[in-house]
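Below: one structure, written as structure tokens.
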Amino acid sequence: MTVNTPLCFRGKKILAPMVRVGTLPMRLLALDYGADIVYCEELIDIKMLQCKRVLETVDFVAPNERVVFRTCARERHRVVFQMGSADAERALAVAKLVESDVAGIDINMGCPKEYSTKASMGAALLSDPDKIEAILTTLVKGICKPVTCKIRILPSVEDTVNLVKRIEKTGIAAIAVHGRKKEERPQHPVHCDVIKAISEAVSIPVIANGGSHDFIKEYMDIETFQKATAASSVMIARAAMWNPSIFRKEGLFPLKEVMQDYIKYAVRYDNHYTNTKYCLCQMLREQLETTQGKKLHAAQSTQEICEVFEMADFYEETRAIFEAKKTSLETDTQDEDDQMGDPDVIKMAVRFDKREYPPQITPKMHLLEWCRKEKHPQPVYETVQRPLDRLFCSVVTVAEQKYRSTLWDKSKKLAEQAAAIVCLRTLGVPEGKLCEGENHPINKRKREDQERLNNRDHREDLAEPSHKKSNFIEETSDMNVPKM
């Protein structure tokens, strides 16, 4: 299949895939400093297949609403999506899911960590050439973007070269080689001679990786490592994690400036503070015991991280811009809804905040109670989801009148509660908020039901022999103990 992308793997400086490090802020920063190609962190195929694609920044979001992979137009033609997979069909399904948003697809065949190898992924694939061939061939034939893979070297040079020659025949665009065996760690010397043997044995581009410890301390060292391995390109991991300005021809930026640049991207792209904190800690390294390092370690939010690095004003300004955009979007959406909506629907701009209500008491319950008291049919909710941002809006019909909130919510349940609030407020009926007290009939009934339950339990405690109750507790406890 023809590859319809300008991505080339010769003569490139590449940000390596790194778990927890290779997220969007780090990739964009590496591109700013001169990286030609950036790889995302390894993402497991099964997790990606559970995701749905969300627009603006392109987000692939898991069912629990966690963003698994985030990208944007800026890196679209230079980001390679690295995947952990041990199944050709799953790998293809994920590749098709992200294909239009990335420049290439890579299969991780070098990770030696247990979380990857125990599922027959990562370095475990090196002992199964048939599976390697099946996965890569399926991807090359099934998608239009270039396919690459990243391996570690085998115990012998001959076995490594033979494996790479077999990989080359699948039609992949390039192969990245971490010049260490799967049992070796960063403190072990990188085997430049093996990478060189591979480079000389195949015609596809070979990307050398693993030189941060022995070679790469500044930009000029990248060329030294490339010459030592005879590779087409160089992929940098830890040296870039410590200071991504390693990609600058003009030399390294001061670490403080680099960290502030990173934080700006983290705030602008709403990176989770725990990930931001982790990456900054990797940059600080030996400075973690300084006053600033200790403050960073104690930070519990993006705002607190910004305060540590004297960027509180930037945080406030950026959040203000976000809020203004959000308000503008909601206003535009509300105007559009008002123009297109049913004029007979009564509307208010309200949201349901469960913190304002007693536990297990909701506006929907109060509305249902009111309908029963007034002998109306029970409320009917009609909920729709907006494709653009996947938010929900609900219309409730009570006594042949419709009510809805003009604000869209992130879940069906929240949208229904908001609709119930609009109805209750229009009717002048208490909605059960904490500030309304406990004298509302539904609150009173709930309290009476709880009191009856407590009294019944007390009577049973008095009637039941203490030794029977003790045995029951022991038996119940045994049921919760996992079998060894």
field: Options L252, L163; residue that is within 30 Å of D128 (Cβ to Cβ) and either open to solvent by 50 Å² or more (accessible area, probe 1.4 Å) or not in a loop (DSSP other than H, G, I, E, B) (or both)
entry: L163
- request: State whether the residues of the range 60-73 include one that is surrounded by 18 or more Cβ atoms within 10 Å (Cβ to Cβ) and on the phi > 0 side of the Ramachandran plot.
  value: no
message: Can you tell me which of (1) surrounded by fewer than 16 Cβ atoms within 10 Å (Cβ to Cβ); (2) modelled with pLDDT of 95 or more; (3) not assigned by the TED database to the domain that holds A324 is the one Q187 doesn't meet?
response: (2)
- prompt: Do the conditions hold for R390, that is, is it in a loop (DSSP other than H, G, I, E, B) and either open to solvent by 60 Å² or more (accessible area, probe 1.4 Å) or not hydrophobic (A, V, I, L, M, F, W, C) (or both)?
  reply: yes
- prompt: Which one of these is closer than 17 Å to A415 by Cα, surrounded by 11 or more Cβ atoms within 10 Å (Cβ to Cβ) and at pLDDT 95 or above: L296, L284, L367, L280?
  reply: L367
- line: Here the residues within the range 393-423 that are in a helix (DSSP H, G or I), open to solvent by 80 Å² or more (accessible area, probe 1.4 Å) and in contact (Cβ under 8 Å) with a residue 12 or more places away in the chain are K412
- line: Given (1) assigned to a helix (DSSP H, G or I); (2) under 30 Å from R152 (Cα atoms); (3) touching a residue at least 60 places away in the same chain (Cβ under 8 Å), Y265 misses just (2)
task: Can you tell me which residue among A119, A134, A173 is touching a Phe, Trp or Tyr at 6+ places or on another chain (Cβ under 8 Å) and either in the same structural domain as I44 (by the TED database) or surrounded by 14 or more Cβ atoms within 10 Å (Cβ to Cβ) (or both)?
output: A173
Some residue of the range 254-274 being over 19 Å from A35 (Cα atoms) and over 19 Å from the mean Cα position of the chain (by Cα): yes
- request: Confirm whether E168 is open to solvent by 50 Å² or more (accessible area, probe 1.4 Å) and in the same structural domain as M83 (by the TED database).
  value: no
query: Can you tell me which residues in the range 341-362 are part of a loop (DSSP other than H, G, I, E, B), open to solvent by less than 60 Å² (accessible area, probe 1.4 Å) and closer than 26 Å to E400 by Cβ?
result: G341, V345, V350, F352, T362
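The values are calculated or read from the model by the stated rules, or taken from the named source; none is laboratory data. Predicted model, so just to flag it, every value in this text is computed and none were measured. We place every Cβ from the backbone using ideal geometry, glycine too, and count neighbours over all the protein chains shown. Remember, those area values only see protein heavy atoms, side chains included, never the ligands or the DNA or RNA. Shrake-Rupley method; radii C 1.70, N 1.55, O 1.52, S 1.80 Å.
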